[in-house]
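Heads up, the thing below is written out as structure tokens.
The values are calculated or read from the model by the stated rules, or taken from the named source; none is laboratory data. Just so it is clear, the structure is predicted and the values come from calculations on it, not from any experiment. For neighbour counting, all protein chains shown are included, and Cβ atoms are generated from backbone atoms with ideal geometry for every residue, glycine included. What goes into the accessible areas is simple: the full protein's heavy atoms, side chains included, and nothing from ligands, DNA or RNA. Shrake-Rupley method; radii C 1.70, N 1.55, O 1.52, S 1.80 Å.
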Amino acid sequence: MDVLEAIKKRRSIRAFTDQPIGKGALERLLEAARWSPSGSNQQKWRFVVITSPSTRVLVRNFAPGIFAVPAAFIVICVEKAPDANPWAEAGYVADCAIACQNIMLAAYEMGIGSCAVLSFAKVAMREILNLPANVEPLLMVTLGYPAEAPEPPPRLELSQVAFMDEYGKEWPS
């Protein structure tokens, strides 16, 4: 599959069928995440996969933006270094976001719907997942076979978002 085509066609899926996602498919998604780049190759991301029905319902109860219970969640966490400074913190967020995108693109290729989730109670998630003090949940990805096919949202024209050499200098057409 062409990468740009996947980027353009992937949608945030919020309604799922009841079909479970197999262990092999989940491992493939984790491989996509594991091969994402990270600042200074620190690889501080950690991935907690949730497939237990009762845990999925519990997680959904602490995530107000999730309306349906997906077949699985991948909670993307960061294992913070004890001496992490503000630059490291920003890097952790970027690294986890890149891993999230890799998961979602790989899921799309496999016919699995996904949606990145930021709106969840971190304190509750820490307790539900039994996370150590130095591990913080940053993002979640909902996963399941799509029960919907959303239309693509409108995008601004390239001339509205890209500039040549300096901000405001028109992108050549």
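A compact table of results
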item	result
Anisotropy class of the range 113-165 from Cα gyration tensor, a/c 1.5 cut	oblate
Calculated FRET value between Glu109 and Thr55, using beta carbons and R₀ = 25 Å, to 0.05	0.40
Length added when fully stretched, Gln42-Gln160, from 0.36 nm per residue minus Cα-Cα	38.9 nm
Mean Cβ neighbour count within 10 Å, used as a protection proxy, ranking 37-46, 92-101 highest first	92-101, 37-46
The range 2-53 - charge dipole about Cα centre, Lys and Arg +1 at Cβ, Asp and Glu -1, debye rounded to 20	180
Under 5 Å, built H, 5+ apart or other chain: amide partners of Leu138	Ile76, Cys77, Val78
Positive-end extreme of charge dipole, the range 92-173 - chosen from Gly111, Leu138, Pro154 (charges on Cβ)	Leu138
The chain: calculated mean residue ellipticity at 222 nm from DSSP helix runs of at least 4, using -39500 (n - 2.57)	-11000 deg cm²/dmol
Cα-based convex hull, the chain, per residue volume (Å³, whole number)	151
Sulfur and carbon atoms: percent of accessible area, the chain [1.4 Å]	57
Per residue value of the accessible surface for the chain (all protein chains in place, 1.4 Å probe), Å²	60
For peptides 118-127, 80-89, sequence by mean Cβ density within 10 Å, most packed first	118-127, 80-89
Those lysines that a straight Cα-Cα span of less than 30 Å connects to Lys44, excepting residues fewer than 8 apart in one chain	Lys8, Lys9, Lys23, Lys80, Lys122
Förster radius 35 Å - calculated FRET efficiency between Ala15 and Lys80 (Cβ-Cβ, nearest 0.05)	0.50
Cα centroid separation, the range 1-72 to the range 111-146 (Å)	9
Residue-span extension gain [Glu89 to Arg28] - 0.36 nm each, minus C-alpha spacing	19.2 nm
Rounded to whole Hz, the Karplus (6.51, -1.76, 1.60) HN-Hα couplings of the range 21-34, x for glycine and proline	9, x, 4, x, 5, 5, 5, 5, 5, 5, 5, 4, 5, 5
Which of Ser173, Pro70, Ala32, positive extreme of dipole for the chain (C-beta unit charges)	Pro70
Stretch gain in nm, segment Leu118-Ile7, where the contour uses 0.36 nm per residue and the Cα spacing is subtracted	38.0 nm
Cα principal axis extents for the range 82-129, largest first, Å	40, 25, 16
Mean separation of Cα contacts under 8 Å (6+ apart) over length of the chain, as relative contact order %	33
